[in-house]
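S.K.: The structure is given below, and queries will be raised subsequently.
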Amino acid sequence: MKFKDWLVEIFTWWNSQTIGTRFYTWRFGQRVGEDERGNVYYQTADGTRRWVIYNGPAEASAIGAGWHGWMHHRVATPPTAENYKPYEWEKPHQENLTGTAFAYRPKGSLLNTAERPRVTGDYDAWKP
């Protein structure tokens, strides 16, 4: 581990894990599995506490549906322990892109680079 990475781990909570989380994971954590994004999931020996070490910024929407159910104690078995296959009608998980360059910007949005639609004239402003 580089010195810079060590400092980032001490002073930031939004980037992967803190030094306290690293120590707690080393001391009490049992690795349960890893998802396709590189997030690593842990639990305590008795299974009462569950947590995730994010691969990159800590963003809760980066957790897929299968792991979300396990993290919130909705299911007892993690997706790695069962043969979890999404239905054919399910779209692949996509994290929340709000606030990024990839966010959805509809026609008419000030942040959309396309030209705004013309006003059709069917709108009358309210006059008190």
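S.K.: Looking at the chain as a GNM with Cα springs under 10 Å, which of 61, 109, 16 has the largest mean-square fluctuation?
M.R.: 109
S.K.: Among 85-93, 65-73, how do they line up from the highest to the lowest mean number of other beta-carbon atoms within 10 Å?
M.R.: Order by mean packing, descending: 65-73, 85-93.
S.K.: By the gyration tensor of its Cα atoms, with a ≥ b ≥ c the square roots of the eigenvalues, what is the shape of the range 3-71: rounded for a/c under 1.5, prolate for a/b over b/c, or oblate?
M.R.: Values: a/c = 2.34, a/b = 1.29, b/c = 1.81.
Note, shape of the range 3-71 comes out oblate.
S.K.: For the chain, what's the relative contact order in percent, using C-alpha pairs closer than 8 Å and at least 6 residues apart? Spell out each step's value before the answer.
M.R.: On the way: 115 pairs, mean separation 18.1, N = 128.
About 14 percent, as a whole number.
S.K.: Grab the DSSP H runs of the chain that are 4 residues or longer, score each as -39,500 (n - 2.57), total them, divide by all residues and round the 222 nm result to the nearest 500 deg cm²/dmol.
M.R.: Working: 3 runs with 26 residues, N = 128.
-5500 deg cm²/dmol, from helical runs alone.
S.K.: Now, a different point. What does the convex hull of the Cα atoms of the chain come to per residue, in Å³, rounded to a whole number? All intermediate terms of the calculation are to be shown ahead of the outcome.
M.R.: Details: hull volume 30.9 nm³, N = 128.
In the chain, the Cα convex hull volume per residue is 241 Å³.
We did not get these values from a lab; they are worked out from the coordinates using the rules stated. Quick caveat, the model's predicted, so the values are computed rather than measured. All Cβ positions, glycine included, derive from the backbone under ideal geometry; neighbour counts span all protein chains shown.
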